[in-house]
Ligand code: DC
């Protein structure tokens, strides 16, 4: 029996902390594909803007930043829980882009049309090479509508906030659950109501609700779809 090849371009979309990265990374490992977390690029632009004290409300300036920034996403160089290295202008800023200040401002930056255009063009070029699991909000709808398999991973805000909270504690950090929940809700609101590329499932996406599935079950289910 000749089995069919697994899908070459896999898109995983969904709201913040729904488990997209965990799923995407495991899929990529299992299939020997590139794992590409596109949220990191929006985070990187936000981080640069904050560091340079660029006014986050200045859309043309932020757009120029997105067009010119040297953002490299590389395979992980350290075994500290990172899925990839985020290198900005030669500096390893993998954990900095996950900081609270970036969390609080990334939705504003990622709502700008020019920023989205600059970053999604780069993402599309990488995705079209194939053998890739690309994770984000608009991969199945805008970046790679031709993806062979589209997963939309959803979960209740409460559950997603709990995961973020556990993640921060596991890294030895401090966190306030209610504050995280509030931020998750706020980010959902901005991500899904923005004019350009709002968060929503592609018409041909398979919607998975991870509230009642653990990471292992989600992974097994999607591997089954790949076969
Ligand atoms: O997945 P994440 O939390 O790292 O994403 C950070 C932000 O980037 C999130 O608020 C939405 C935005 N984003 C986006 O607009 N489009 C993508 N493809 C990926 C992320």
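The values are calculated or read from the model by the stated rules, or taken from the named source; none is laboratory data. No experiment lies behind these values; they were computed from the predicted model shown. Note that we place each Cβ from the backbone using ideal geometry, even for glycine, and neighbour counts take in every protein chain shown.
Listed values, structure above:
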item: Residue within the range 18-27 that is under 24 Å from residue 166 (Cα atoms), near the ligand (Cβ under 10 Å from one of its atoms), assigned to a helix (DSSP H, G or I) and at pLDDT below 95 present; result: yes
item: Top-ranked residue of the range 111-122 - restricted to ones that are modelled with pLDDT of 95 or more and buried (at least 19 other Cβ atoms within 10 Å of the Cβ), ranked as farthest from the ligand (Cβ to nearest atom); result: 118
item: Breaking point among (1) part of a loop (DSSP other than H, G, I, E, B); (2) crowded, with 17+ Cβ neighbours inside 10 Å; (3) out of contact with any helix residue (DSSP H, G or I) (no Cβ under 8 Å at 6 or more places or on another chain), for residue 141; result: (1)
item: Residue list for the range 51-72, filter: within 16 Å of the ligand (Cβ to nearest atom) and out of contact with any helix residue (DSSP H, G or I) (no Cβ under 6 Å at 6 or more places or on another chain); result: 59
item: Filtered residues of the range 72-93 (kept if surrounded by 13 or more Cβ atoms within 10 Å (Cβ to Cβ) and under 16 Å from residue 170 (Cβ atoms)); result: 82, 83
item: Cβ-Cβ under 8 Å pairs, at least 6 apart or on other chains, the range 131-147 side farther than 12 Å from residue 38 by Cβ and touching a residue at least 40 places away in the same chain (Cβ under 8 Å), far side near the ligand (Cβ under 10 Å from one of its atoms) and in a loop (DSSP other than H, G, I, E, B); result: 141/197
item: Residue in the range 83-100 that is over 22 Å from residue 25 (Cα atoms), without any contact (Cβ under 8 Å) to a residue 40 or more places away in the chain and either in a strand (DSSP E or B) or in contact with a strand residue (DSSP E or B) (Cβ under 7 Å, 6 or more places away or on another chain) (or both) present; result: yes
item: Whichever residue in the range 174-226 is away from the ligand (no atom under 16 Å from the Cβ) and in a loop (DSSP other than H, G, I, E, B) and, among such residues, is surrounded by the most Cβ atoms within 10 Å (Cβ to Cβ); result: 213
